[in-house]
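Chemist: Submitted below is the structure of interest, expressed as C-alpha cells.
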Amino acid sequence: MNWLMDFLGTLQATVVDVLPIAAILFGFQLFVLRKNIRNLKQVLIGFGLVLLGLAFFLEGLEQALFPLGKLMAEQLTAPEFLGISQTAAELESDWSHYFWVYLFAFAIGLSTTIAEPSLIAVAIKANQVSGGAVGTWGLRIAVAFGVAIGISLGAYRIVSGTPLHYYIITGYIVVLIQTVFCPKSIIALAYDSGGVTTSTVTVPLVAALGLGLSSTIPGRNPMLDGFGLIAFASLFPIMSVMGYAQISEWMARRAKETRVRD
Amino acid sequence: MESIRDLAPIVVVIACFQLLVFRQPIPDLGGLLFGTLQVIIGLTLFIQGLKIGLFPIGESMAHDFASKGSILWLVLFAFALGFGTTIAEPALIAISDEAARVAAVGGMIEQDPERMRRYADGLRLTVAISVGLAIVVGVIRIIKGWPVQYLIMGGYAGVVIMTAFAPPEIIGIAYDSGGVTTSTITVPLVTALGVGLASSIRGRNPMTDGFGLIAFASLTPMIFVMAYGMLL
C-alpha cells in the first residue's frame with residue numbers, strides 16, 4: 001500500500017514534468033502544422049509507456065540504489081574511514097589515503113552511465129542513422145569510460161583543492177585538438193554525448209560524493225568545491241568518444257593496409 | 001533482458017563495495033532487489049515508449065516543418081521546445097536554489113528569503129532562455145549546414161572569457177548547469193528533431209548534421225549563468 005502511494009506520487013511528478021513538453025508538441029502539431037498525427041494511437045501509447053517507465057525507474061532508484069549509493073559515498077568520505085587524524089599537510093602529500101574514493105568515483109561513473117536512459121536513446125538513434133557503423137554498446141562504453149575518468153579526476157580536484165576552471169579549460173583545448181584530427185562524421189555525436197551523460201541516474205550519486213568529499217576534507221568549502229563534478233562528467237565523454245572513433249578508424253585503416261600488403 | 005544487462009554494473013559495483021570494502025552485509029536485501037526489479041521494468045517500458053512514441057513524433061514533426069518551409073515557425077517551435085522543457089526541470093530548480101544560497105552567503109545579494117527566491121527564479125529563467133536559444137541556433141545550423149565545431153569552439157571561447165570575469169562563487173554552479181539542463185524526455189525528442197530535419201533537407205547528412213543540438217543546449221547555460229552572476 002505504502003509502495004503504491006509512493007509510486008503514484010512519482011508518476012504524478014513525472015506527468016507534471018512532461019505536460020509542458022506534450023503541450024508544445026501537440027499545440028504546434030494541431031495549430032501550426034495543422035496535420036493529424038500519424039499513428040496517433042501508437043504515439044499516445046508510446047508517451048504512456050515512457051511516463052510509466054520513468055516512474056518505475058525513478059521509484060526503483062529512489063527506493064533501492066540511491067540510498068545505498070549515497071550512504072557509501074558518505075561512508076567512504078567519512079573522516080574515520082579516511083583516517084583523517086593527522087595534520088592536513090601530511091594528508092595532502094599522500095594521495096593513497098583516498099584510493100578507495102577514486103576507485104568508487106570511477107566505478108560509480110562507469111556503472112551509472114551504462115544505465116542512463118538518455119544515453120541509451122542517443123545510442124539507439126546514432127546506431128540507426130549511421131546504418132550500424134556506430135555500435136550502441138561501443139558508444140555507451142566509450143561514454144561511460146569518459147564519465148568514469150572525469151569523475152575520478154573531479155574527485156582528485158576536490159581533494160587537492162585546485163581551481164576548477166584550469167581543468168575545464170585544459171579539457172577544452174584537448175577537445176579542440178581532437179576535433180581537428182578525428183573523423184568528421186563523429187564530431188557532432190561526440191559533442192552531444194557530453195550533454196546526455198548527466199541526468200537521472202548519475203547526478204544524485206555524484207552530487208552526494210562531491211558534497212561528502214568537500215565537507216570532510218579540511219580546508220574545503222562545500223559551497224565552493226562541492227560543485228564541478230558534473231562539469232567533469234560532461235566534458236570527458238567528448239574526449240573519449242572522439243578517441244574511440246579515432247582508434248576504430250586507425251584500426252580499420254591498419255587492417256586494410258595489411259590486407260593490401262598481403 | 002537488455003535492461004538487466006544495462007543495470008548489472010551498478011548492482012555489481014554497489015555489492016562489491018559493500019561486501020569487500022566495508023565488509024558489511026547488504027542492508028535490506030529484499031528492498032534492494034525489489035527496487036532493482038522496478039528499475040528494470042521501468043527502463044524496458046521507457047525504451048519501448050521511445051521507439052513507438054517519442055522518436056516517431058519528433059521525426060515526423062521535423063519532416064512536416066521542413067516541408068512546410070516556414071523557418072519562422074520552426075524557430076519558434078525550437079525555442080518553445082528548449083524553453084518549455086528546461087523551465088520545469090527538477091534538477092535545474094534544485095541547482096538554482098543552491099546558487100541563490102551561495103550568492104546570499106557570499107554577500108552578492110541580501111540574505112532574505114524573498115530576495116533569494118527572486119534570484120533563483122531569475123536564474124532558472126535565464127537558463128531556460130539560453131537553452132531555447134541554443135536549440136534555435138542548432139536548428140539554423142542544420143538548415144544552413146554550418147560545421148558544428150566552429151560554433152562549439154565559439155561557445156568554448158565564450159565560456160573561457162566569461163570565466164575570467166565572473167565571480168568565483170558562480171563558476172562551479174555555471175559549469176554544472178550545463179549538465180543538468182538536458183532531461184531524459186528532452187534528449188530523445190531533440191535528437192529525433194535534429195536527425196529528422198537533417199534527413200528531410202537535401203544535402204544534409206543526418207550523421208554529421210543531425211546531432212549537435214544537445215551539445216549547444218549544454219553549452220549556452222554556462223555562459224548565461226556566468227553573465228547572470230556578473231550582472232547581479
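The values are calculated or read from the model by the stated rules, or taken from the named source; none is laboratory data. Because the structure is a prediction, the values reported are computed rather than measured. With ideal geometry, Cβ positions are generated from the backbone for all residues, glycine too; neighbour counts draw on all protein chains shown.
Chemist: Take the stretch B:6-33 and flag every residue that is in a loop (DSSP other than H, G, I, E, B) and aliphatic (A, V, I, L, M).
Modeler: Scanning the stretch B:6-33 gives a single hit, B:Ile26.
Chemist: Specify which of the listed residues (B:Ile171, B:Ile161, B:Ile129) is over 30 Å from B:Asp64 (Cα atoms) and either at pLDDT 90 or above or assigned to a loop (DSSP other than H, G, I, E, B) (or both).
Modeler: When all the criteria are applied, what remains is B:Ile161.
Chemist: Next question, about the same structure. Identify all residues within the stretch B:66-89 that are more than 7 Å from chain A (Cβ to nearest Cβ), in a helix (DSSP H, G or I) and of a type outside the set (A, V, I, L, M); write none if there are none. I'd like the intermediate steps shown before the answer.
Modeler: So in the stretch B:66-89, the residues more than 7 Å from chain A (Cβ to nearest Cβ) come out as B:66-67, B:69-72, B:74-76, B:78-79, B:82-83, B:86-87, B:89.
So of that shortlist, the ones also in a helix (DSSP H, G or I) come out as B:66-67, B:71-72, B:74-76, B:78-79, B:82-83, B:86-87.
Within the stretch B:66-89, B:Ser67, B:Phe79, B:Gly82, B:Phe83, B:Thr86 qualify.
Chemist: Restricting attention to helices (runs of 4 or more DSSP H) lying wholly within the stretch A:1-85, give those where 3 or more residues are facing chain B (nearest Cβ under 10 Å) and surrounded by 14 or more Cβ atoms within 10 Å (Cβ to Cβ).
Modeler: Helices (runs of 4 or more DSSP H) meeting the threshold: A:2-27, A:40-60, A:66-77.
Chemist: With the checklist (1) at the interface with chain A (Cβ under 7 Å from one of its Cβ atoms); (2) touching a residue at least 12 places away in the same chain (Cβ under 8 Å); (3) buried (at least 24 other Cβ atoms within 10 Å of the Cβ) in hand, flag the one item B:Tyr156 doesn't pass.
Modeler: (3)
Chemist: Next up: Assess whether B:Phe224 counts as being in the same structural domain as B:Gly138 (by TED's automatic domain parsing) and more than 14 Å from A:Ser130 (Cα to Cα).
Modeler: So B:Phe224 passes the test.
Chemist: Next up: Out of all the residues in the stretch B:1-11, which are more than 7 Å from every other protein chain (Cβ to nearest Cβ) and not acidic (Asp, Glu)?
Modeler: Taking the stretch B:1-11 and keeping what is more than 7 Å from every other protein chain (Cβ to nearest Cβ), we get B:1-5, B:8, B:11.
Matches in the stretch B:1-11: B:Met1, B:Ser3, B:Ile4, B:Arg5, B:Ala8, B:Val11.
Chemist: Hey, does the stretch B:107-125 have a residue that's at the interface with chain A (Cβ under 10 Å from one of its Cβ atoms) and either closer than 30 Å to A:Thr14 by Cβ or within 22 Å of the chain's Cα centre (by Cα) (or both)? Step through it out loud before you land on a result.
Modeler: Here is the first cut: in the stretch B:107-125, the ones at the interface with chain A (Cβ under 10 Å from one of its Cβ atoms) are none.
There is no residue in the stretch B:107-125 that is at the interface with chain A (Cβ under 10 Å from one of its Cβ atoms) and either closer than 30 Å to A:Thr14 by Cβ or within 22 Å of the chain's Cα centre (by Cα) (or both).
Chemist: Moving on. Quick one: in the stretch B:95-106, which of the residues that are of a type in the set (A, V, I, L, M) and surrounded by 15 or more Cβ atoms within 10 Å (Cβ to Cβ) is nearest to the chain's Cα centre (by Cα)?
Modeler: Going through the qualifying residues, I end up with B:Ile95.
Chemist: I need every pair where a residue in the stretch B:111-122 that is at pLDDT below 85 has its Cβ under 6 Å from the Cβ of a residue that is of a type in the set (A, V, I, L, M), sequence separation at least 6 or different chains.
Modeler: These pairs meet every condition: B:Gln111/B:Ala104.
Chemist: Among (1) touching a Lys or Arg at 6+ places or on another chain (Cβ under 8 Å); (2) buried (at least 24 other Cβ atoms within 10 Å of the Cβ); (3) among the β-branched types (Val, Ile, Thr), which single condition is B:Ile214 missing?
Modeler: For B:Ile214, the exception is condition (1).
Chemist: Considering only the stretch B:69-101, state which residues are over 21 Å from B:Val187 (Cβ atoms) and among the polar types (S, T, N, Q).
Modeler: B:Ser70
Chemist: When you scan the stretch B:15-53, how many residues do you find that are at the interface with chain A (Cβ under 7 Å from one of its Cβ atoms), surrounded by fewer than 17 Cβ atoms within 10 Å (Cβ to Cβ) and polar (S, T, N, Q)?
Modeler: 1
Chemist: Moving on to the next point. So B:Val139 fits all but one of (1) more than 30 Å from A:Phe57 (Cβ to Cβ); (2) more than 10 Å from chain A (Cβ to nearest Cβ); what number is the exception?
Modeler: The one condition B:Val139 does not meet is (1).
Chemist: Continuing with the same structure: May I ask you to list the residues in the stretch B:170-188 that are of a type outside the set (S, T, N, Q) and more than 7 Å from chain A (Cβ to nearest Cβ)?
Modeler: Keep residues of the stretch B:170-188 that are of a type outside the set (S, T, N, Q), which gives B:170-176, B:178-180, B:185, B:187-188.
Answer for the stretch B:170-188, where residues must be of a type outside the set (S, T, N, Q) and more than 7 Å from chain A (Cβ to nearest Cβ): B:Ile170, B:Ala174.
Chemist: Within the stretch A:23-41, can one find any residue that is at negative phi and in contact (Cβ under 8 Å) with a residue 12 or more places away in the chain?
Modeler: no
Here's the yes/no breakdown for (1) loosely packed, with under 15 Cβ neighbours inside 10 Å; (2) of a type in the set (Val, Ile, Thr):
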site: B:Gly58; (1), (2): no, no
site: B:Met61; (1), (2): no, no
site: B:Ala66; (1), (2): no, no
site: B:Ile71; (1), (2): yes, yes
site: B:Val75; (1), (2): no, yes
site: B:Leu81; (1), (2): no, no
site: B:Thr86; (1), (2): no, yes
site: B:Ala91; (1), (2): no, no
site: B:Glu110; (1), (2): yes, no
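Chemist: I'd like the full set of residues that are on the phi < 0 side of the Ramachandran plot and assigned to a loop (DSSP other than H, G, I, E, B), limited to the stretch B:180-232. Quick ask: steps written out before the conclusion?
Modeler: Of the stretch B:180-232, the ones on the phi < 0 side of the Ramachandran plot are B:180-202, B:204-211, B:213-232.
Passing the criteria: B:Thr181, B:Thr182, B:Ser183, B:Thr184, B:Ile185, B:Ile201, B:Arg202, B:Arg204, B:Asn205, B:Phe211, B:Leu232.
Chemist: I need a count of the residues in the stretch A:110-132 that are more than 7 Å from chain B (Cβ to nearest Cβ) and closer than 15 Å to B:Ile214 by Cα.
Modeler: 3
Chemist: Does the stretch B:132-151 contain at least one residue that is within 16 Å of the chain's Cα centre (by Cα) and charged (D, E, K, R)?
Modeler: No, the stretch B:132-151 has no match at all.
Chemist: With respect to the numbered conditions (1) at pLDDT below 90; (2) under 12 Å from the mean Cα position of the chain (by Cα), which one is the sole condition not fulfilled by B:Thr220?
Modeler: Of the numbered conditions (1) at pLDDT below 90; (2) under 12 Å from the mean Cα position of the chain (by Cα), the odd one out for B:Thr220 is (1).
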